[in-house]
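K.L.:
I'd like to ask some things about the structure below.
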Amino acid sequence: MVSLLAGVGVGFSKDLTGLENTYLYASLMGWKKKQIDEKIDDILRFSELDHHFFRPIRTYSSGMKARLGISVATAFRPDILLVDEVLGVGDASFRKKSERRVREMIDGSGTVIIVSHSQGLMMEICDRIILMEEGRILAIGEPKEIYKQYNSLLKTDSTE
């Protein structure tokens, strides 16, 4: 199973509640109702949305939508989790909590593919990085080495 965590509120219906969107989003990722039922309490607790979970998404801030999306996508243990630039959303406490949860997924031997410009996060949680430019792979390797190349590219670009 592959799960996608991308963009704030991607796949959510603004007229459905957080609870209803949880079922919709998780079922679109391939999870069955029984599996979703088993995770609802965890999703509600992790998202910290409290009573807002039962209100329409149109009443949510972008941070609340992000909390729900991250909570649903990480509640399950897919074979592969694709994460696109969303771990930096929310307040500092929720960001740390989300990063811990993604680390747990990595430690649980699932594959996590992260698209990010956050060097600190990538250095901390990745064991391998792919450096790309205009859709081409420039380098693959350990974070420290790849970021040396990346920073060199940035210096070269700024002097041209």
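Values in this text are rule-based calculations from the coordinates and carry no lab data. This is a predicted model, so every value here is computed, not measured. Cβ sites come from the backbone with ideal geometry, for glycine too, and all protein chains shown count toward neighbours.
K.L.:
So what is the 222 nm mean residue ellipticity for the chain from helices alone, if each DSSP H run of at least 4 adds -39500 (n - 2.57) and you divide by all residues, rounding to the nearest 500 deg cm²/dmol?
P.N.:
That calculation yields -16000 deg cm²/dmol at 222 nm.
K.L.:
Label point 7 Å out from Lys144 along Cα-to-Cβ: which residues of region 106-126 have amide N under 19 Å?
P.N.:
Once the point is set 7 Å along Cα→Cβ of Lys144, 119-126 turn out to lie under 19 Å by backbone N, inside region 106-126.
K.L.:
Give the lysines whose C-alpha is closer than 29 Å to that of Lys148, dropping any in the same chain fewer than 8 places away, or say none.
P.N.:
Lys96, Lys97
K.L.:
Next question. Set the Förster distance to 30 Å, then compute FRET efficiency between Gln35 and Arg136 from the Cβ-Cβ distance, nearest 0.05.
P.N.:
Between Gln35 and Arg136 the formula returns 0.20.
K.L.:
Pairing the Cα long axis of helix 33-47 with the longest principal axis of the chain, what angle in degrees results, from 0 to 90 and rounded to the nearest 10?
P.N.:
70
K.L.:
Using alpha-carbon pairs under 8 Å, 6+ residues apart, how would you state the relative contact order of region 2-115 in percent?
P.N.:
It comes to 34 percent, rounded to a whole number.
K.L.:
How high is the FRET efficiency between Ala92 and His117 when r is their beta carbon distance and R₀ equals 25 Å, given to the nearest 0.05?
P.N.:
For Ala92 and His117, the calculated efficiency is 0.90.
K.L.:
Using unit Cβ charges (K, R positive; D, E negative) and no other charged atoms, how large, in debye to the nearest 20, is the dipole of the chain about its Cα centre?
P.N.:
Rounded to the nearest 20 debye, it is 400 debye.
K.L.:
OK, next. Enter the angle in degrees (range 0 to 90, nearest 10) between the Cα long axis of helix 143-159 and the first principal axis of the Cα atoms of the chain, meaning the one along which they spread out most.
P.N.:
Computed tilt is about 70 degrees.
K.L.:
Still on this structure, please answer the following. Once the Cβ-Cβ distance between Thr156 and Asp50 is put in as r, and R0 is 30 Å, what FRET efficiency do you end up with, to the nearest 0.05?
P.N.:
Calculated value: 0.05.
K.L.:
Can I ask one more? 7 Å from Cα along Cα→Cβ at both Asp84 and Glu124: what's the point-to-point distance in nm?
P.N.:
2.4
K.L.:
Counting only DSSP beta bridges with both residues in the chain, tell me the antiparallel percent, nearest 5.
P.N.:
Once the DSSP bridges in the chain are tallied, antiparallel ones form about 40 percent.
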